Each structure stands twice: as C-alpha cells, then as structure tokens.
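Please read the structure below before turning to the comments.
The values are calculated or read from the model by the stated rules, or taken from the named source; none is laboratory data. All values derive from a computational prediction rather than experimental measurement. FYI the Cβ positions are ideal-geometry reconstructions off the backbone, even for glycines, and counts take in every protein chain you see. Areas reflect the complete protein model, heavy atoms only, side chains present, ligands, DNA and RNA absent. Shrake-Rupley method; radii C 1.70, N 1.55, O 1.52, S 1.80 Å.
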Amino acid sequence: MSNQVGNRQTQLAVVEGVLERITYANEENGYTVARVDTGRGAGDLLTVVGALLGAQVGESLRMEGRWGSHPQYGKQFTVENYTTVLPATVQGIRRYLGSGLVKGIGPIFADRITQHFGLDTLQIIEEEPKRLIEVPGLGPKRTKKIAEAWEEQKAIKEVMLFLQTVEVSTSIAVRIYKKYGDASISVVKNQPYRLAADVWGIGFLTADKMAQSVGIPHDSPERVKAGLQYALSQSADQGHCFLPEEQLIADAVKLLQVDTGLVIECLAELAEPTVDENEPGGVREPGVVRERVPGPDGGPETVTAVYLVPFHRAELSLSAQLLRLLRTTEDRMPGFHDVAWDKALTWLKGRTGAELAPGQEEAVRLALTKKVAVLTGGPGCGKSFTVRSIVELARAKRAKVVLAAPTGRAAKRLAELTGADASTVHRLLELRPGGDAAYDKERPLDADLVVVDEASMLDLLLANKLVKAVPPGAHLLFVGDVDQLPSVGAGEVLRDLLADQSPIPSVRLTQVFRQAQQSGVVTNAHRINSGQHPVTDGMKDFFLFVEDETEEAGRLTVDVAARRIPAKFGLDPRRDIQVLAPMHRGPAGAGTLNGLLQQAITPGRPDLPEKRFGGRVFRVGDKVTQIRNNYEKGENGVFNGTVGVVTSLDSEEQRLTVLTDEDEEVPYDFDELDELAHAYAVTIHRSQGSEYPAVVIPVTTGAWMMLQRNLLYTAVTRAKKLVVLVGSRKAIGQAVRTVSAGRRCTSLAYRLAT
C-alpha cells in the first residue's frame, strides 16, 4: 500500500509494508538497506534504504521518505523516519512473532499461538500473557519468558525511537536500556556524558552528539571534562599510560573547539581527589620521567603527566609490588641457594636429553635464585627449552609451579611444552564481573614459582593484577620476545622491565640453535629483526607471491589461504592457517579479507543457520574473535583477542554459541554480536601471543603508514611451520627499514629505578 504526497521525486511520500529482510545495516550510523513487502503480491519486494534503525524483520512499518532510483538496483524508497505498526492479519502476526523478535517464540510456536488466538494474539500477549499456557507445548516457564521479552522489546523500542534523532545504533540502544532500564531516556536527556563512561560502544563523540540534541551548551564544564577524559582514554587505546599536560590541553582544545583557559580550569577540577573511588577523574603528577625521551640537556625528560586514575594506581602499584617481591628476605625455594649446580644440570640433561647452552644455564640459575627475573630472546634461541628446564628443576625440589600466559593458545602451548597445567592469566586470577580478581595481595596464589609466557602481551593493568597475587618469597619469571609489538593495552611492561636502569635481573638469549637455523621462518625472522630483507628463493617454508596492486594482493591472499596452502600442504584453512594483516581497513585489510575468506571457507547454504548483524553475517562454523574485555561472560570473563568457532545458532532463543580456544562454550545473545568479529583474518596486533601452523601476510603499499620492522617480525614469528608473504617487494623493504620511533608514555622503568 502506498500513498504519495505531491511530486514523487521531491515530496515526502508514505509507504507501509512488512520488513522481510535486511540486506545491509551499518551498526555505527544505522544506515540500512532492506526489502519490504508492500502487499502488491506476485512476490514483489520493494528496496528501502536509510534510517531504519532498530526495525526488525517481520515488523509492519509506516515509512516516510522519498522515491528514487539507483543506477544498479533500480527503483527504491529512501526512508527519513518510520513508525512500527502492529500487523493486522493472522498471517502478519504469525510472521511477526516467528521472526525471532520476541525471545522464546520461533516459527513453530508462532504458528501454534496464532492458530489458538487468531487476530487477538498480540492483545493476549500484551494484556493477558498468562493465557499463553493454553497453547500446546507452552509451559509456565516459557510463558513467563515470552511475557518478559515482550515487555523488554516494548521498552527498548521506546528508547530506540527516542535515540533515532541522534542516530545511535540498535545494539547501543539495547545496551543503554540494559544498563539503565526505565531510567534510560532520563539519563540520555540529563546526563548524556555518563554514557561514555558507563556503556561500552559509546564514546565521547556519540555522547556529545546526544548532548547537543538535548541542549547541553558547547562550553559546559561537564562537556569539557568528558572531552579531557576521552582524550586520555584515546591515548590509552594507543598504548600510553599518561599524556604530558601540554599535549592533553592542546588535544582537548582541538577536539572541543573551546578556549584554552576553560580547558585548563576543567583539567584542574578533573584532577581534584574525589571521595568516591568509582567517580571518574584524572591524576596530575609533576616531575614524571617520560621513558627514553631525552630532554634538552640530554638527560631524561620530565613532564607534568596526566593519568586516568586506574593507570596511575596501576603504575605505582606494579613498581612497588615488583620491588617488594625482589627485595623480600623470604624465599619459598631456598634449596637453590646452595645447590650443587653441576649435579643438578647433569640430572637435568638425563631428564631432557639435551645440554643447556651457557645463556640458557644462566637463565635457569637466575629464575631459581632470584625472586623476579626476565627471560627474553627471538625464535629458535631456546626460550621454550629453558622454561621447560626451569620447571623440571623446580618440580624436582617439590616446588609449587604455576604457569600462565595472556591468551588461551599461548597457555595451551606452555602446557604442552612443560607437561604441567597452564592457564590464562585471567583464569589464574579468577577475574570477576567488574574486573576484580579473586587472588590479590590479601589472598595470594599458592605458588613457589610463577612463570608467565608471552610477557610482551602484558599490559599495565593486567600485569599489576598478576604481580599483586604473587606471594612474598615466591619466584616470578617473565618470558617473552621484547622485539615483538608491545601489548594491545596501555604500557610497555616487558620493555620497561628490561630497561637499562631497571633493577630486575634478566637474560637475553641470542644463539640460534642449529636445528632452528634450517628453518626459513626462524632465519627470516632474525633477518627482519636485524634490518635485512627476508630470503624467499629456495625456501621450503617461506614464500613470497609478488603482487604490486593492493586489491589484487588481497584477492591473492584469500586464494593462498583458502585453496593453495590446503592443496599443497594438507592444512585446514580454518584451524591451521591464519591471515595476518598490517591493518584493518583497505582492500588487503583484515575487514575486507574476512568477508572474502568467509565466502571461500564458510559460504552460505540453505541448510546452514546464519544471523545477519550490521554489515556481517554469522554462520555455524565461522571463526570469530572477541573484540572487548567482558568480565560478565563465561566462567572468568571473555577477553579481547579470545578466538573461537561458532558451534550453534538458535533463532528462537536469539543466541549463538562460541567454542573458544580455551575449550569453553560461551553464549552470545544476538544483541551482543557487536562484541564479535570474524577471525579468518586478524590484524597483526591482535595475533600477539598466538601461534599458528601457517600464516599468510599481505604486505602492500596500501598499508604504508603501518609498515614497521616489529610489525612484520611479530607476524612472521607467529608461524610454526610456514609463512607466505603476498604483496610488493617495495612494501616489504619499507617494513624492514622502518624502526618504530614512537615510544609509549610510561614511567614504570624510572619508578622501578628509584
């Protein structure tokens, strides 16, 4: 049914119809392409585009907009605003309820309910939901669930309609409702900047849009303080623990377009101590030494640093706890102070079948006699064998050994290597909702030796939680490759522990063992790390497919990963092969490659359940990754970078299940799917701590700004057996030549040295 007002091309028209399917939706701005049944019959569906934020398949819509034509897709209707209209026919009601809109009702129950109640169905659910028990198969439990889901859907819809004016995505509207319930609209109207701190997915820019729409002044102190916190949180996302005050003020003036004086006043207020620990704020500390940045006199540069409260507390706490562990007179492994090392090492050789090199022997002694130590080195230098040796000797003295790593994959590898249990740091500490750990200074771990592998991944906040839980007298060993990329989160913990002035003892293994020298992966990793171009001719495990055009390199990457490697080496493209891209965007970026790889590896089939969410489609069998820390999910939270496979998808319960690489089944409601991204291709940053049989790396001039030595080195060292580079020699040369000049703003090394 359609009713036009005035000229078809220019005047607003009204169209009514049932939303049949969503072809595309941008979760960030709500732009949607959908197909609507206007009741014209003959199976004709109308293409509608535009502001369909929050509309669900099966709903009847009354849309205002303009008619137009697309050169490729033909006639379409551009929606400017819409309202939902409850369906008026039994068929429409059945379609509406069976669409998965209301949790607990799928197509089968929609059919039964409408057969029983007919045109009165929606009125019954609204006014007398207890009567649903009359329907065969609907017990009290499901009836109650349907009634609750109906009420929630109504409330969310109200919030969504209010939020339409500021173009907030469906999933964020749902989150706002889940956070504030009936108070949602009040919070958005009166305290919009609260949303940036309280609701994941809403940053300052979105909250600022809302604030403008509800009339909060441009120069409001509330706005300026929120902007300052946003600038600090953005810098934390880039790895900085603090920002120099001058830089923060300049960034805030540029962001907020307000006077410098107002920013300085608001910064002073923001940095005032608050009684409420949970009150967001900042810490201003003069005289902070910025790591490795020389001042005008050649000495270390001091700045007035501004921290977000959690990072300041963590930096002070981590340095204090490390020094406490290092200096304590207690020792939970005293037997190694007067051990006969010749005998011990002979016994160890009998156990492992190999002799330690001098550097490895030094590391073993250090870990077993010093309370805190660091072991670093590149691939093929024997870090793993050294760790195994340390664990063997400690267990021989009946020491309680605890092994951990930042990721599930790294923990599994550590367990296989040592023959002992290993877990992620998060599981070890039993992190609870909110991020507090079950183990801390008051309730330490029961451990004599704690070994943390892949320590380059430890950010400041996680390292602090871990070190707090190590009991006095226990030995703590950090193991990792300091030449890899630093942690995704703020800080450069491993590099700070190894700084020249650091009191933490360390060993760097540099000798590449003969067996490792035969590996092209190991050889080229060391070549890249020393600034040399990788050798690709005549290698059995290291290849280069030259393709100068970025878009073609992207397509070739997909072909190599999905078809060529499986055909030649018999590797599984989902389980064994990982595409690692320097960046997310672009024709050879992880985003585009994921779409192409999904089509090649897990294509859509009529018998394969799928769920479209935003611009992505999730299917059973998809390889996915979590993209935020969520302490509420799973047994001990699910964390940024956790990888898994979609094992089931239930349209009726509006839920899919992911089996993570820690062998945990984690359910996701459909409105939580913006926490998941496909992981057929991931950025090199996100691959840290993981190891794969084969990696494929597109290295193109399209990623020019990202191409740095430690990025390519990290990507190559993720491979156990095989590396394939796809791209241009020029881009590879740029990566090999470019040493990252940007150091993070962190003062941990200097706090440790004082």
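Remarks
- Only one entry of 508, 495, 443 meets the criterion of being open to solvent by 40 Å² or more (accessible area, probe 1.4 Å), within 26 Å of residue 733 (Cα to Cα) and either not hydrophobic (A, V, I, L, M, F, W, C) or not in a helix (DSSP H, G or I) (or both), and that entry is 495.
- In the stretch 137-158, of all residues being of a type in the set (D, E, K, R) and either at pLDDT 85 or above or over 30 Å from residue 207 (Cβ atoms) (or both), the one that is most open to solvent (accessible area, probe 1.4 Å) corresponds to 141.
- The set of residues from the stretch 683-694 being under 30 Å from residue 25 (Cβ atoms), in contact with a helix residue (DSSP H, G or I) (Cβ under 6 Å, 6 or more places away or on another chain) and open to solvent by less than 10 Å² (accessible area, probe 1.4 Å) comprises just one member, 684.
- Residue within the stretch 406-418 that is β-branched (Val, Ile, Thr), closer than 20 Å to residue 367 by Cα, modelled with pLDDT under 95 and more than 28 Å from the chain's Cα centre (by Cα) present: yes
- Pairs, first under 17 Å from residue 706 (Cβ atoms) in the stretch 586-597, second modelled with pLDDT under 90 and surrounded by fewer than 20 Cβ atoms within 10 Å (Cβ to Cβ), C-beta under 7 Å, six or more apart: 590/584; 591/584; 591/585
- All of (1) under 18 Å from the mean Cα position of the chain (by Cα); (2) crowded, with 24+ Cβ neighbours inside 10 Å hold for residue 475 with one exception: (1).
- Test: residue in the stretch 475-483 that is touching a Pro at 6+ places or on another chain (Cβ under 9 Å) and either under 23 Å from residue 508 (Cα atoms) or among the hydroxyl-bearing types (Ser, Thr, Tyr) (or both): yes
Table: residues versus (1) open to solvent by 30 Å² or more (accessible area, probe 1.4 Å); (2) in a loop (DSSP other than H, G, I, E, B).
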position	(1), (2)
487	no, yes
490	no, yes
499	no, yes
523	yes, no
533	yes, yes
538	yes, yes
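- Filtered residue count, the stretch 349-402, keeping only those that are in a helix (DSSP H, G or I) and either within 39 Å of the chain's Cα centre (by Cα) or under 19 Å from residue 470 (Cβ atoms) (or both): 25
- Any hit, the stretch 159-181, residues being small (Gly, Ala, Ser), in a helix (DSSP H, G or I), under 20 Å from residue 59 (Cβ atoms) and open to solvent by 10 Å² or more (accessible area, probe 1.4 Å): no
- Qualifying strands (runs of 3 or more DSSP E) (wholly inside the stretch 552-652; at least 1 residues being more than 16 Å from the chain's Cα centre (by Cα)): 577-581, 610-613, 616-619, 643-650
- Filter pass, residue 531 being touching a residue at least 60 places away in the same chain (Cβ under 8 Å), touching a strand residue (DSSP E or B) at 6+ places or on another chain (Cβ under 8 Å) and among the small types (Gly, Ala, Ser): no
- Some residue of the stretch 126-136 being under 24 Å from residue 177 (Cα atoms) and either surrounded by fewer than 13 Cβ atoms within 10 Å (Cβ to Cβ) or within 37 Å of the chain's Cα centre (by Cα) (or both): yes
Residue-by-condition table, conditions (1) of a type outside the set (Gly, Ala, Ser); (2) touching a residue at least 24 places away in the same chain (Cβ under 8 Å); (3) touching an Asp or Glu at 6+ places or on another chain (Cβ under 7 Å); (4) farther than 25 Å from residue 487 by Cα:
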| position | (1), (2), (3), (4) |
| --- | --- |
| 178 | yes, no, no, yes |
| 210 | yes, yes, no, yes |
| 241 | yes, yes, yes, no |
| 270 | yes, yes, no, yes |
| 283 | yes, yes, no, no |
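- Among residues of the stretch 328-348, those that are part of a helix (DSSP H, G or I) and of a type outside the set (D, E, K, R), counted: 9
- Conditions (1) modelled with pLDDT of 85 or more; (2) open to solvent by 70 Å² or more (accessible area, probe 1.4 Å); number of the one not met by residue 296: (1)
- Yes/no for residue 221 being more than 30 Å from residue 753 (Cα to Cα) and in contact with a Cys (Cβ under 7 Å, 6 or more places away or on another chain): yes
- All conditions in (1) touching a Ser or Thr at 6+ places or on another chain (Cβ under 9 Å); (2) open to solvent by 30 Å² or more (accessible area, probe 1.4 Å); (3) of a type outside the set (Val, Ile, Thr); (4) over 30 Å from residue 496 (Cα atoms) hold for residue 353, with the sole exception of (1).
- Residue count for the stretch 235-252, restricted to those that are in contact with a Ser or Thr (Cβ under 8 Å, 6 or more places away or on another chain), part of a helix (DSSP H, G or I) and within 25 Å of residue 458 (Cα to Cα): 0
- Test: residue 709 is under 19 Å from the mean Cα position of the chain (by Cα) and surrounded by fewer than 23 Cβ atoms within 10 Å (Cβ to Cβ): no
- Flag for residue 201 being within 17 Å of residue 162 (Cβ to Cβ), in a loop (DSSP other than H, G, I, E, B) and open to solvent by 20 Å² or more (accessible area, probe 1.4 Å): no
- Residues in the stretch 112-125 that are surrounded by fewer than 20 Cβ atoms within 10 Å (Cβ to Cβ) and not polar (S, T, N, Q): 112, 116, 118, 119, 120, 122, 124.
- Filter result for residue 347 (open to solvent by 70 Å² or more (accessible area, probe 1.4 Å), touching a residue at least 24 places away in the same chain (Cβ under 8 Å) and of a type in the set (Phe, Trp, Tyr)): yes
- Test: residue in the stretch 653-673 that is open to solvent by 10 Å² or more (accessible area, probe 1.4 Å), among the aliphatic types (A, V, I, L, M) and assigned to a helix (DSSP H, G or I): no
- Complete set of residues in the stretch 87-112 that are over 13 Å from residue 652 (Cβ atoms) and not charged (D, E, K, R): 87, 88, 89, 90, 91, 92, 93, 96
- Within the stretch 403-430, the residues that satisfy the criterion of being part of a loop (DSSP other than H, G, I, E, B) and surrounded by 22 or more Cβ atoms within 10 Å (Cβ to Cβ) are 406, 407.
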